[in-house]
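First comes the structure, then the notes that go with it.
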Amino acid sequence: MADDLFKALADGTRRTILDELTEKSGQTLFEICSRLSMRHGLGISRQAVSQHLAVLEAAGLVETRREGRYKFHDLNVAPLRHITERWLDPPAPAPEKDPS
């Protein structure tokens with residue numbers, strides 16, 4: 001899962017999508033596309049945004065839910081917590097046993 005996570009974070013457009021979902025989680029594809037265009041000047045197609053969202057979802061950073069005919073995208077920060085716990089807050093090493 002870590003490989004998918006780092007792959008997802010490696011792309012600037014995907015990081016921008018995460019920034020937008022951080023500001024307002026629960027957006028539809030239309031809302032995300034509009035925000036990318038208007039706030040960031042990114043003129044990418046809905047299909048391209050959808051593909052970026054699929055990569056983010058595969059990495060566990062985005063979760064989707066359906067309500068009627070709408071699909072909402074929510075930010076999931078749990079995978080990022082795993083990274084910070086792994087390197088920024090590692091568990092204390094076990095004490096060495098006395099050989100005697």
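The values are calculated or read from the model by the stated rules, or taken from the named source; none is laboratory data. As the structure is a prediction and not an experimental result, all values here were calculated from the model. Positions of Cβ are backbone-derived with ideal geometry, glycine not excepted, and every protein chain shown enters the neighbour counts. Side chains included, ligands, DNA and RNA excluded: accessible areas come from the protein's heavy atoms. Shrake-Rupley method; radii C 1.70, N 1.55, O 1.52, S 1.80 Å.
Summary table
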| quantity | calculated |
| --- | --- |
| Magnitude of the charge dipole, the chain, Cβ model with Lys/Arg +1 and Asp/Glu -1, debye to 20 | 540 |
| Sum of -39500 (n - 2.57) over DSSP H runs of 4+, divided by residues of the chain (222 nm, nearest 500) | -15000 deg cm²/dmol |
| Residue-span extension gain [R46 to T64] - 0.36 nm each, minus C-alpha spacing | 4.8 nm |
| Helix 46-58 vs. the chain, principal-axis angle (Cα, 0 to 90°, nearest 10) | 20 |
| Fluctuation leader among D89, D19, D11 - the chain, Gaussian network, Cα springs under 10 angstrom | D89 |
| Accessible solvent surface per residue of the chain, calculated while the other protein chains remain in place, 1.4 angstrom probe, Å² | 70 |
| Selected from I32, I44, I17 as most flexible by GNM, with the chain as the system and alpha-carbon contacts under 10 Å | I44 |
| Where H40, H73 fall by accessible area, highest first, once all protein chains stay in place (1.4 Å) | H40, H73 |
| T84 accessible area, assembled protein chains, probe 1.4 Å, Å² | 60 |
| Scattering curve values for the chain, log₁₀ I(q)/I(0), Debye with Cα scatterers, q = 0.10, 0.12, 0.14, 0.20 Å⁻¹ | -0.34, -0.45, -0.56, -0.99 |
| Set of aspartates and glutamates with alpha-carbon distance to K7 below 15 Å, sequence-local pairs under 8 removed | E57 |
| With every protein chain in place, the chain: carbon and sulfur % of accessible area (1.4 Å) | 53 |
